[in-house]
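Working notes, beginning with the structure itself.
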Amino acid sequence: MLLKICGITRVEDMLAVGRAGADYAGIILVPRSPRFVPRDRIAELASAAPEAKKVFVVRDMPLDELNALIAEFHPHAVQLHGSETAGYARGVTGAEVWKAFNLNSETVLAEAETFPCATVVADSGGGTGRPCDWTLAARLASVRPILLAGGVTPDNVREAIGRVKPAGIDVSGGVESAPGIKDGKLIQLIAERIHS
């Protein structure tokens, strides 16, 4: 079971991600997000836990700008959180492409099943703290690898895994004491529950 801790804004939180053995650390590059990381802090954050693969979270960033970021910082993946098209995804170079979907309807499910990306993130809108539709997520997980996001916490993660059977869990607010401020104990706890 893979684990991604998203919305890392502080070095001490990135270190906690490394200690917990999380597979991925998400760095949000969306200016409107309370977890936004400016470009001049990316290298410092990314280097704090080299064992965790970095995922850059973006929303409707111009493709040439995204590819330049990838060339400069070499993330493992970029997670698209906006209205990016299949053509846009195919134009990303130098990193895996993940796509987040607000999984709330049959129409969205159908798009997520066929979108050209390595991993789908089944979400509820990004940063809402609400679970997505776990029934739809389970159907999606039966046809392709997904990370389950949206409202996952140490308290419900075992139920989420049992019901959805995702390839992994993507958590942000569920391990925070405040937006963008992670709680190292909660990161460790969710890691232990996922792997036990």
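Quick note: the coordinates plus some simple rules give every number you see, no bench work behind them. Everything quoted here is computed from the prediction, not taken from an experiment. Cβ sites come from the backbone with ideal geometry, for glycine too, and all protein chains shown count toward neighbours.
For the chain, modelled as a GNM whose springs connect Cα atoms under 10 angstrom apart, the maximal fluctuation among Gly162, Gly82, Gly94 occurs at Gly162.
Express in whole angstrom the spacing between the alpha-carbon centres of the range 173-190 and the range 119-154. Result: 19 Å between the Cα centres.
Think of each Lys and Arg Cβ as +1 and each Asp and Glu Cβ as -1; about the Cα centre, that makes the dipole of the chain roughly 300 debye. In this label model, Ala68 and His195 are separated by 3.9 nm, measuring between points 7 Å along each Cα→Cβ vector. The residues Glu84, Glu72, when put in order of fewest to most other Cβ atoms within 10 Å, stand as Glu72, Glu84. Total lysine pairs in the chain at Cα distances under 20 Å, for residues eight or more apart or on different chains: 11. Under the criterion of Cα pairs below 8 Å and six or more residues apart, the relative contact order for the chain equals 21 percent.
Taken over the range 2-195, the convex hull of the Cα atoms encloses 99 Å³ per residue. Counting other Cβ atoms within 10 Å as a rough exposure proxy, the listed residues Arg163, Arg193, Arg130 run Arg130, Arg163, Arg193 from fewest neighbours to most.
Output the Kirkwood hydrodynamic radius of the range 156-196, Cα pairs only, in Å rounded to one decimal. This gives a value of 10.8 Å. Evaluated at q = 0.10, 0.13 Å⁻¹, a Debye calculation over the C-alpha positions of the range 81-196 (equal weights, vacuum) places log10 I(q)/I(0) at -0.29, -0.50.
Most mobile of Gly26, Gly174, Gly184 per a Gaussian network model of the chain (Cα springs, under 10 Å)? Maximum among the listed residues: Gly184.
When the range 2-195 is described by a simple charge dipole with +1 on each Lys and Arg Cβ and -1 on each Asp and Glu Cβ, the residue from Val78, Val57, Ala178 located farthest towards its positive end is Ala178. Using just the C-alpha positions of the range 35-146 as equal point scatterers, what log10 of I(q)/I(0) does the Debye formula give at each q in 0.13, 0.15, 0.23 1/Å? For the range 35-146, the Cα-only Debye profile gives -0.51, -0.68, -1.30.
When both bridge partners sit in the chain, DSSP labels roughly 5% of those beta bridges antiparallel.
Taking 0.36 nm per residue of separation and subtracting the Cα-Cα distance, full extension of the segment from Arg130 to Glu111 would add 4.7 nm. Size of the range 1-83 from its Cα atoms: along the principal axes, largest to smallest, the extents are 34, 28, 25 Å.
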